[in-house]
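These notes concern the structure reproduced below.
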């Protein structure tokens, strides 16, 4: 069976103002312009290469419409600081693209910029977008994570939905959001076209009282949708608003609705319209030979009921977890290798892996454990990349030898470990977001000149950085190839030093 693709010829809507925190991804080669990049001054018009990791040339300000559209080779990008605009369809239809991290400099994202990237799973948006086209991620069926910088004043993500910061505009539901219900926040007054395209997990929704118009294509392509309850303030249902919602069984159309576009429910083969006698909803249904019902199959508060049950289930699981934890012995206070707990009326023996390791080790000195961590590291590096979260929360990791040849250290790779010192080897190009975050004992850090990008929070809450804040005579901490990672002076007095090539900290 062929899968219908999202039609990406869209009209940009939604104007945001705000900002995008810089968090670049992996770098594996020098950032030089090759023949694969068709450039017109500072605009990247087209890319014809077949690299899995594409490093966009420094100096690029605009990524033109369809510049990478349909490229099935690229998995990840390095988008450098300085890129300001991403054109319509710029990264659309890229079947192997896995994640995107946008730098601070980006101010505009065009319509359907990443549409139909079927393997895209995560996107990081930082702090400076001032213009957002419609449905940038429509059809990205595996997209579960869209993260927005805490410093962004104009854009937010809440419960898998992308909004304006004040939540008056609903831009897009993240396609792989896993809940089958959605109750609009009362603040939402406007919905972007294609906002729910490809959200196949969504089955039931209640539209807020502030929404007066259901815009063109708002719910089109939401193939799992079963019921919709419009508010008593809704007056209009626009062009193809629910097109091809083939599982839509019930839409409540209140008396307040006075205009329904002739194509509003095209392709809704299972639809019944729940409305009152002599209403515009009844007249429309009769004219279109759509069944009219006067008693609902789904109550109007059905989505709210699902939400309440979900909240109860979450609370119940939390209580069960707390109850189970009460059975634990405090393993740190005795010499036992484990403890028994009762789960669902069955006894379960829990072993303390740290004590098992101590009992079974020939040697209990630190070098033995360090060697184990080194072995894990060497066997998890792929394409010279240290995976994100690899040692996250491993407090017993106090020493590590980062191998020569490493190019990129992933997001939170060593965060909250017990590291005391670290030497980044020559040749490393990029250090990911929060890579050494909250390594409280990390006092000695060596960063070579080969490092050209350090993402925010990489060394935040380390003893090394705290010591610099407390004792450095300079207001600027510059490392690697001219990267400013900390500034402690008055923001009003900030002047970018001549030797600084990039800034990975906030100047506020």
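Things to note:
- Positions within the range 86-99 being under 25 Å from residue 431 (Cα atoms) and either crowded, with 23+ Cβ neighbours inside 10 Å or in contact with a helix residue (DSSP H, G or I) (Cβ under 7 Å, 6 or more places away or on another chain) (or both), in sequence order: 86, 91, 97
- Enumeration of residues in the range 178-202 that are assigned to a loop (DSSP other than H, G, I, E, B), surrounded by 19 or more Cβ atoms within 10 Å (Cβ to Cβ) and in contact with a strand residue (DSSP E or B) (Cβ under 7 Å, 6 or more places away or on another chain): 184, 188, 192, 195, 196, 199, 202
- Which listed residue is in the same structural domain as residue 185 (by TED's automatic domain parsing), over 32 Å from the mean Cα position of the chain (by Cα) and modelled with pLDDT of 95 or more, from 263, 238, 227, 256: 263
- Residue check, residue 49 on the phi > 0 side of the Ramachandran plot, modelled with pLDDT under 95 and either outside the structural domain of residue 427 (by TED's automatic domain parsing) or surrounded by fewer than 19 Cβ atoms within 10 Å (Cβ to Cβ) (or both): no
- Which numbered condition residue 468 fails, given (1) at positive phi; (2) surrounded by fewer than 19 Cβ atoms within 10 Å (Cβ to Cβ): (1)
- Looking only at residues of the range 424-451 that are closer than 15 Å to residue 413 by Cβ and assigned to a strand (DSSP E or B), we find that the one that is farthest from the chain's Cα centre (by Cα) is 445.
- For the range 239-264, filtering for residues that are buried (at least 18 other Cβ atoms within 10 Å of the Cβ) and in a loop (DSSP other than H, G, I, E, B) leaves 12.
- Within the span defined as the range 449-462, every residue fails to be over 25 Å from residue 58 (Cβ atoms), outside the structural domain of residue 101 (by TED's automatic domain parsing) and either touching a residue at least 40 places away in the same chain (Cβ under 8 Å) or touching a strand residue (DSSP E or B) at 6+ places or on another chain (Cβ under 6 Å) (or both).
- Test result for residue 205, in a strand (DSSP E or B) and assigned by TED's automatic domain parsing to the domain that holds residue 251: yes
- Of the listed requirements (1) surrounded by fewer than 23 Cβ atoms within 10 Å (Cβ to Cβ); (2) modelled with pLDDT of 90 or more, residue 107 misses just one: (2).
- Among the residues of the range 386-421, those identified as closer than 19 Å to residue 461 by Cα and not in a loop (DSSP other than H, G, I, E, B) are 409, 421.
- Selection count, the range 418-437, where residues are on the phi > 0 side of the Ramachandran plot and surrounded by 16 or more Cβ atoms within 10 Å (Cβ to Cβ): 1
- Residue 370 surrounded by 13 or more Cβ atoms within 10 Å (Cβ to Cβ), over 23 Å from residue 55 (Cα atoms) and at pLDDT below 85: yes
- Taking residues in the range 417-443 that are in the same structural domain as residue 482 (by TED's automatic domain parsing) and without any contact (Cβ under 8 Å) to a residue 40 or more places away in the chain, and partners anywhere that are surrounded by fewer than 21 Cβ atoms within 10 Å (Cβ to Cβ) and not in a loop (DSSP other than H, G, I, E, B), the pairs with Cβ atoms closer than 6 Å and at least 6 places apart or on different chains are 421/444; 422/445; 423/446; 442/463; 442/464; 443/463; 443/464.
- With respect to being at pLDDT below 90, farther than 19 Å from residue 69 by Cβ, within 16 Å of the chain's Cα centre (by Cα) and in the same structural domain as residue 72 (by TED's automatic domain parsing), residue 161 falls outside the description.
The values are calculated or read from the model by the stated rules, or taken from the named source; none is laboratory data. Because the structure is predicted, anything quoted here is derived from the model rather than measured. Ideal geometry is used to build each Cβ from the backbone, glycine not excepted, and the neighbour counts take in all protein chains shown.
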